[in-house]
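Inspection log for the structure reproduced underneath, given as structure tokens.
Where a number appears in this text, it was derived from the coordinates with a stated rule and is not lab data. The shown structure was predicted, so the numbers you read here are calculated from the model rather than taken from an experiment.
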Amino acid sequence: MNNEAPKMIIQTSRFYNSLSAIFAFLLWGGWAYYVNAGTDATRAFIPAIAQGTASLVITLIMVHLVAWFFNRLQGSFFQLPLSVLMTVGITATGLTALHWLVRTPCIFYTILPGVFVGLVFCCYTAYRLRMISKNHL
């Protein structure tokens with residue numbers, strides 16, 4: 001007989017997810033255009049759209065990935081850092097591949113600030129999840 005209490009699935013709100021994704025599209029799409037416009041202004045449009053769209057999608061995925069890892073690692077000492085590092089590693093790899101495919105001139109400078117902010121965003125999201133889980137105990 002199993003006497004363990006069922007594990008609660010911890011999530012953030014839909015409003016938080018949507019607002020974060022829209023902001024990511026505008027900020028990182030604009031950044032990608034700015035960084036790559038020095039080589040060719042018209043050619044910078046493709047990386048900007050790619051980065052903006054990827055940032056929107058990745059932001060939505062990041063929230064779910066952090067929550068997924070967070071829920072799978074319940075009780076682990078490494079719950080917060082692993083939730084964050086696994087999520088950022090997966091999304092940074094995807095961004096690098098995307099920009100390589102669209103032949104972005106300055107891949108490193110295009111994705112570096114977004115990856116850093118993604119790291120901070122994931123830390124904040126994991127922290128929120130921890131606070132939500134503590135309030136439900």
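Applied to the range 92-108, the Karplus parametrisation 6.51 cos²θ - 1.76 cosθ + 1.60 on θ = phi - 60° returns per-residue 3J(HN,Hα) values of 5, 5, x, 5, 4, 4, 4, 5, 5, 5, 8, 6, 5, x, 10, 4, 4 Hz, with x for Gly and Pro. Sorted from longest to shortest, the spans of the Cα atoms of the range 74-137 along the three principal axes equal 49, 17, 14 Å.
Per-residue ellipticity at 222 nm from helix content only, as computed over the chain with -39500 (n - 2.57) for each DSSP H run of at least four residues, stands at -26500 deg cm²/dmol. Of the labelled figures (i) 17.2, 67; (ii) 13.5, 40; (iii) 16.9, 54, only one reflects Rg and Dmax of the Cα atoms in Å as derived from the coordinates, namely (i). Mean separation of Cα pairs under 8 Å and 6 or more residues apart, divided by the residue count, gives the chain a relative contact order of 29 percent.
For the range 70-84, 3J(HN,Hα) computed residue by residue from phi via the Karplus equation (6.51, -1.76, 1.60; θ = phi - 60°) reads 4, 6, 6, 9, 3, x, 7, 4, 8, 3, 5, x, 5, 4, 6 Hz, glycine and proline entered as x.
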